[in-house]
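The values are calculated or read from the model by the stated rules, or taken from the named source; none is laboratory data. Since the structure is predicted, the reported quantities are computational estimates derived from the model, not experimental observations. Positions of Cβ are backbone-derived with ideal geometry, glycine not excepted, and every protein chain shown enters the neighbour counts. Side chains included, ligands, DNA and RNA excluded: accessible areas come from the protein's heavy atoms. Shrake-Rupley method; radii C 1.70, N 1.55, O 1.52, S 1.80 Å.
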Amino acid sequence: MATRRPARRRPARSSAPRRNPRRPAPRRRASRSRRQRERDAQVKFAVAALAVAAIWALVSWLLVNWWVLIVLGALALIGGAGWAHRLQQQRTWARVHQQALRYGLPELDALHHRDFEYAIRDLMLRDGCTDARQIGGAGDNGADVLATDPLGRAWVIQVKHRKDGDRGSAVGTPDLQRVNGTARQLYGADVVLVVTNGRFSTRCAPLATQLHMHLADRQVLATWASGGRPLWELLPRIPAPRSGR
């Protein structure tokens, strides 16, 4: 009679999740990260040590060859003096150019509108407004040139160029109202000016007087640009500087 073997019991399944054999163990990952940090620290230490050694070698060499420092210092002084001299010459030439700056009306008429703005800026520079700058463009709030004259008055200038000169369209009151609405509030203007190589409409002069603004038409521009007198000597009723300026 054959004996029956007892049935083998299957091992109970563990409820713990199996670890993916492809995924590295957390300890190994931490160990690799630590080794990488150690290697990085060693590399940084080696670089720092080489830098210190190079600096020490350079200092030691200069202590022995001290005359090199004297030569380098002399060359630096000569180079600095030459640079300062060239800078002074450039400033002198620029000042002479500004003082001798003259424009004729045909030359101004031929300019692009943006170049006309720069021409007005250069004329203000010629007359001693050392901070004159062109700001016309998108978002200029009606101001094309800003300047401070030698008496401390702040000028806000709107520039209107006409390709056909006084034969072109007249500058109208909306242009005056636009710059008047921002010149004093945004820029602290003492003098608000609209200048053109063309002409103003008949309604501009009364409005300018009412708004305490100034206008420079083609005739005033011609006298200013071709002569040596500053603009504030050509315009009537220029305000005195504010107290404290």
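Okay, residues lined up against (1) under 19 Å from Arg133 (Cα atoms); (2) part of a loop (DSSP other than H, G, I, E, B):
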site: Gly152; (1), (2): yes, yes
site: Ile157; (1), (2): yes, no
site: Arg162; (1), (2): no, yes
site: Leu176; (1), (2): no, no
site: Gly181; (1), (2): no, no
site: Leu186; (1), (2): yes, no
site: Leu193; (1), (2): yes, no
site: Ala208; (1), (2): no, no
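Given (1) among the β-branched types (Val, Ile, Thr); (2) within 22 Å of Ala110 (Cβ to Cβ); (3) out of contact with any Lys or Arg (no Cβ under 6 Å at 6 or more places or on another chain), identify the lone condition not met by Thr196.
Condition not satisfied by Thr196: (3).
If a residue has to be in a helix (DSSP H, G or I) and open to solvent by less than 10 Å² (accessible area, probe 1.4 Å) to count, how many in region 101-148 make the cut?
Pass one, region 101-148, residues in a helix (DSSP H, G or I): 105-109, 113-126.
If we keep only those that are open to solvent by less than 10 Å² (accessible area, probe 1.4 Å) too, we end up with 108, 116-117, 119-120, 123-124.
Residues meeting the conditions: 7.
Within region 187-211, how many residues are loosely packed, with under 13 Cβ neighbours inside 10 Å and in contact (Cβ under 8 Å) with a residue 12 or more places away in the chain?
2
Filter region 149-178 down to the residues that are open to solvent by 50 Å² or more (accessible area, probe 1.4 Å) and closer than 19 Å to Pro239 by Cβ and list them by number.
Quick first cut of region 149-178, residues open to solvent by 50 Å² or more (accessible area, probe 1.4 Å) only: 150-151, 163-164, 166-167, 169, 174, 177-178.
Selection gives Pro150, Leu151.
Restricting attention to region 210-233, which residues are in a helix (DSSP H, G or I), closer than 23 Å to Thr173 by Cα and not basic (Lys, Arg)?
Our first condition is that a residue be in a helix (DSSP H, G or I); within region 210-233, this holds for 210, 218-226, 231-233.
Add one more test, that the residue is closer than 23 Å to Thr173 by Cα, and what stays is 210, 218-222, 231-232.
Hits for region 210-233 are Gln210, Gln219, Val220, Leu221, Ala222, Leu231, Trp232.
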